[in-house]
1. Looking at (1) assigned to a loop (DSSP other than H, G, I, E, B); (2) within 24 Å of B:PHE713 (Cα to Cα); (3) at the interface with chain A (Cβ under 9 Å from one of its Cβ atoms), which one does B:GLU655 not meet, given that it meets all the others?
2. Looking at the stretch B:279-290, which of the residues that are of a type outside the set (Phe, Trp, Tyr) and in contact with a helix residue (DSSP H, G or I) (Cβ under 8 Å, 6 or more places away or on another chain) is surrounded by the most Cβ atoms within 10 Å (Cβ to Cβ)?
3. Which of (1) farther than 17 Å from B:GLY908 by Cβ; (2) more than 37 Å from the chain's Cα centre (by Cα) does B:ASN934 not meet, given it meets every other one?
4. Of the residues B:ALA167, B:ALA144, which is more than 29 Å from B:MET228 (Cα to Cα), under 33 Å from the mean Cα position of the chain (by Cα) and without any contact (Cβ under 8 Å) to a residue 24 or more places away in the chain?
5. What number goes with the only condition from (1) part of a loop (DSSP other than H, G, I, E, B); (2) at pLDDT below 95 that B:LEU838 does not pass?
6. Here are B:SER936, B:SER921, B:SER967: which of them is surrounded by fewer than 18 Cβ atoms within 10 Å (Cβ to Cβ), more than 20 Å from B:GLU816 (Cβ to Cβ), in contact with a Lys or Arg (Cβ under 9 Å, 6 or more places away or on another chain) and of a type outside the set (D, E, K, R)?
7. Give the number of residues within the stretch A:32-77 that are in a helix (DSSP H, G or I), among the hydrophobic types (A, V, I, L, M, F, W, C) and facing chain B (nearest Cβ under 9 Å).
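The values are calculated or read from the model by the stated rules, or taken from the named source; none is laboratory data. Please read all numbers here as calculations on a predicted model, not as lab measurements. Please note: Cβ atoms are built from the backbone with ideal geometry, for glycine as well, and neighbour counts cover all protein chains shown.
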Amino acid sequence: MKPRALILHAAGINRDNDVSQALSLAGADPHIVHVNQLKTEKKLFSNFQMLIIPGGFSYGDALGAGKLFALDIASYFKEEVNAFIESGKPVMGICNGFQTLVKSGLLPGGESGIQKSCTLTHNERKRFECRWVSLSLPKSSCIWTKGIVRIVRCPVAHGEGRFLGLMPHPENNIFPGRNGSDGSGLLLFENGVRYAAQL
Amino acid sequence: MPMEIGQNIFRFTIKELQPGGKSSAVIVRNAQRIGLDKVCAVHESDMYFVRGNIAPGELDLLGRFLFSDPVLTAFSVEELPCKAEPGVQYIEVGYHVGVTDSVAEEIVRAARELGVTGVEAAATGKRYAILCRDGMSLQNEELARLAEKVLVNPVVQRYAIGPITPAFPDESAPRIPSEFFNIHEMNDEELSALNLRQRSALSMEELHAVRDYFRAENRPCSDAEYEMIAQTWSEHCIHKTFKAKIRVEGGEEEGLPPVVDNILLSYIKSATDAISAPWVVSAFKDNAGILAFDEEHEISFKVETHNHPSAIEPFGGANTGVGGVIRDILGVSAKPIAVTDVLCFGLDDRKDFSLENQSLQTLHIQDGVIGGVQDYGNKMGIPTVNGGIHYHEHYMSNPLVYCGCAGIAPKGSHPSAQKIGDRIFVIGGKTGRDGIRGATFSSMTMNNATFEHAGSSVQIGAPLVEKKVTEIILSTRDKKLYSAITDCGAGGLSSAVGEMTSDLGGEIEISKVPLKYAGLAPWEIWLSEAQERMVLAIPTENAAEFIALCEANDVEYCDIGYFSGTGRLVVRYFGDVIIDLECSFLHKGIPQRQLIARPAIRKAVNNEAAMLKKAILEQACRSEGNIFFENLLIGVLRHHAVHAKEHAIRLYDHEVQGATVVGPFAGYSQTGPSDAAVLAPAEVKSGQGIVISNGFNPRYGEADSYNAAFSAFDEAVRNAVACGADPERIAVIDNFCWGDPKNPENMYTLLRSAQACREAALIHHSPFVSGKDSFNNEFIDEKGNRRAIPPSLLISAIGLVPDVHKAVTADFKEAENSIYLVGEFCPVLSASVAAQLLDASFSEQTAVGKAKLDFSGGTGPLPSRKAPQLYRALHRAMQNSLIASCHDISDGGLLTAIAEMCIAGERGASISLEKLKLSGSAWDAVLTLFGETNGSLVVEVKQGKEEDFIKEMGSNECVKIGAVGESNKNLDLKITGQTLLSFSLGAIKTAFHVQSIAGGVR
């Protein structure tokens, strides 16, 4: 059976469809669900084997990237997300979604709320830049990056265990032969889906 | 209306934990540029204000959870009034009351989510602490200068030297009644006075028509009725110049008739009708042009301008320009898939071709506009895939901002079937004074007073709201909940509801429209151009489901009335009738405008100057040798018309939606320019792609508006074809930006331009499907000098690539592949980039020739009438996979095109022009290498495919000019037997990407 992936949606998230397309291509059964719907149907979380927090500008980046989306998650879904993590299911946060994960305090190394020990801040030039980058992945036990030896056209900012947090967008590099892309971003999703399928 | 001090207002100040914080290099640099050399550091911190009954513990919660990040920042909180901090110089900045502050809205929402329910209102601000060298300090006058020139846009912001008090709207403002004018009894003088007082930009004939209408109804006119008529009849909304009757003087020689009755019908729509392409689904009817695409989908396209608002508030103007054109695509029920923008900025010094020393004023406009485009497109999740940035000294106070958007929708999903009884809903943003009288204002010439009057009418975008609206519209479309839809743009509800009810009439009640703040007069609610709103017709049986969807997605909605079937539009405010107008008068009652067109006196051709130019070039070439050509190529690549402009383009997200097959940069390393964008939207299963391209050139426009229009058309089509578009499936959109139409010379250049549009459309077989015009792009400065922009026609093309895998890019692909020059290659130096450089470098050398020695003079590149045939042959060659890369010849000419292909492919090339049989003169060499032309491209043909390629080219001109080189090798060039040149790839790449062109994007 295809693993079911929950793609969180909130006002301002804009790469939900992109990551949905990548997950479909990698063999998952993705569902984009708005947080407002989840608020009334919290048990939905348990129907899924993967959790994805996609990129975009949640709440227009008001008060900082991912900040208010993180507040949503910490306020409404703390137990559900913790249970998700404890049951060993893979979690991925991309770009704004990664910032959301970090700021929600739910990642290992961060505790919920004010005692946070890590955060993400501006790049050196303090501005948005759209640029293709190549990255070789360090050898790691991260289920998302495991076994990928070729260069992936996007840098990975954080990779550990069942979590993958990254700033660039592998979901926009799933077809070879386009605009500087080679399709290598799909490898990450295939790894995650393969892992989730055997849960 | 600032609140009185000490009323439960708390201020949070956020400081960076990093010792000393980070100083803003851009602000310090700009402070020094206005003469404040002693400023050595400026520390910026965020401030947030909240008002309400908030307990100390709750304030702490807000500070920790909302306003600060424990790893990076700390906060302090105090109740107003705040004491000035001793020993520190600082300026605090906040918004004027009523200006959209979307962060403040999120604060109120998030505070409630945290359980802090006492927060009634919020505001944001910035604090700038200023440090000077050697213990010096700034005088109050200097602080004010720093604030006004560097930190603040006075149109939307205010500042204080020391602590600022936030401005919250006064919610207890009383309801404002309608005013009535006895227009039915007014004489001409009184009508003029009314026109001036209401800033309505109506002519005397139009005022008479209004008076006569109210005379017939024997009643006074309400302020709302007057404003609605002025808006509906504004140039912006009804295009009265394009529909005018024009008497043409002296146009016989150039094929113009003595009278042109309606430019739009005579030249633009008539071309579309004559072409009668079966794949045009909707042209000039809906908010955007709609085209057939494949078995399942239709595509749509719209491009418009947002010039006047961008002149006044560059960020907000460009921001809402993008937001507005996206709503046009939503207004045809399509999903927006790409944004394109063409921006025109001023030059401080017309000889500063690499823009090394732009003034603060210019940078302010440029950075604001680019930032505004970036903010909206990126936040909407729509890739900005194509566009251009152009410079001309006359765009100084008249920046042009052309914004375009393309969309895709399932076939036949755009309904226009509103019926009597259907409810009228407005959804999205709240209504404020934003953009009041924007439609009439954008139909006027600007002067310094314009900036003062603009005040509250500046539009600020909220892309987050539009993103939510987009999602709602696409899901309600798929559920078939609405019977008609339109966007709320210029003219606000007045325009949107007015147009939607223009046949049936409607009964409207506006008292429930959600407002940003109290105190709006009813006519202001009706006319407001507040952003992010759409108007939908919802059959009563669908209303409940529609409302539920809006609520689930936090989208504001309001049921404002229904279609009545009476043919009159009746608008009420708390039950009182404020408008009761005959729809036919409103939409068809405007008298036709009468204008005159007359050509400017032509300059005589100076043969002596032609000789002199040749002699000068010969001499320079002899004395400088190869260096002469090297310098010219480097100069052209650094020139603002050619340069990569990465500093701006990389700020745009080109990749979101995952559909970008060809983006703004070509090649593996994305270092060269692309001709057009190619998209493969995820929902498309047929393998087809969409091409978007533009053609625009202000130098050509200034030289000759007829040739320029032909060139713009050719360039747009050529760019699309270069990337793989089928030339039989390209549609175009026109955007005319001109000066004052009452000036007969402006009308003449406009007519010539329209005439060329028609001819070009017919020969290329590319119909117009939509268009816009913007007049009065003139500015009267404080000295009373009138400055008009050059005739500026943008042609934007949308096309179809039969198979996205066969899309072609501009980067050289493989060593030993042959390079061909194809098409009717007729280079001219007139109006070229190289000519500007030559004019600049020789003007000082030759005192005699200063006036005569005009390399730029003349009428620009001529139309290429063989181009359509070439483009069809080239497309066949691409479909047969014969072509490895392709790039059009435009700004900078042939050598520039080849250099760009080398840069994109990171390869050298070996070029020989011997087959072109040049005379050997310096003039011929310069003309061939740098002259600009229409209808020509450079093509890399795959090995083993040359014979097939030549066969496919048939009778089209096609000359082999060299071969692609190895990676990172030189671009070698043989002009004639004797002249051998070699350019290092590094040098041309550096020139093309030179950083000094960059402004300090904030």
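1. It is condition (2) that B:GLU655 fails.
2. Looking only at the stretch B:279-290, we keep the residues that are of a type outside the set (Phe, Trp, Tyr), and these are B:280-283, B:285-290.
From what's left, in contact with a helix residue (DSSP H, G or I) (Cβ under 8 Å, 6 or more places away or on another chain): B:280, B:283, B:287-288.
Values: B:VAL280: 18, B:ALA283: 21, B:ASN287: 25, B:ALA288: 30.
Per the stated criteria, the residue is B:ALA288.
3. (2)
4. B:ALA144
5. (1)
6. B:SER921
7. Residues that pass the stated criteria total 3.
Yes or no, residue by residue, for (1) at pLDDT 95 or above; (2) surrounded by 24 or more Cβ atoms within 10 Å (Cβ to Cβ); (3) under 30 Å from B:LEU895 (Cβ atoms):
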site	(1), (2), (3)
B:ASP740	no, no, no
B:ALA760	yes, yes, yes
B:ILE763	yes, no, yes
B:SER766	yes, yes, yes
B:ASP781	no, no, no
B:ASN785	no, no, no
B:ALA810	yes, yes, yes
B:LYS813	yes, no, yes
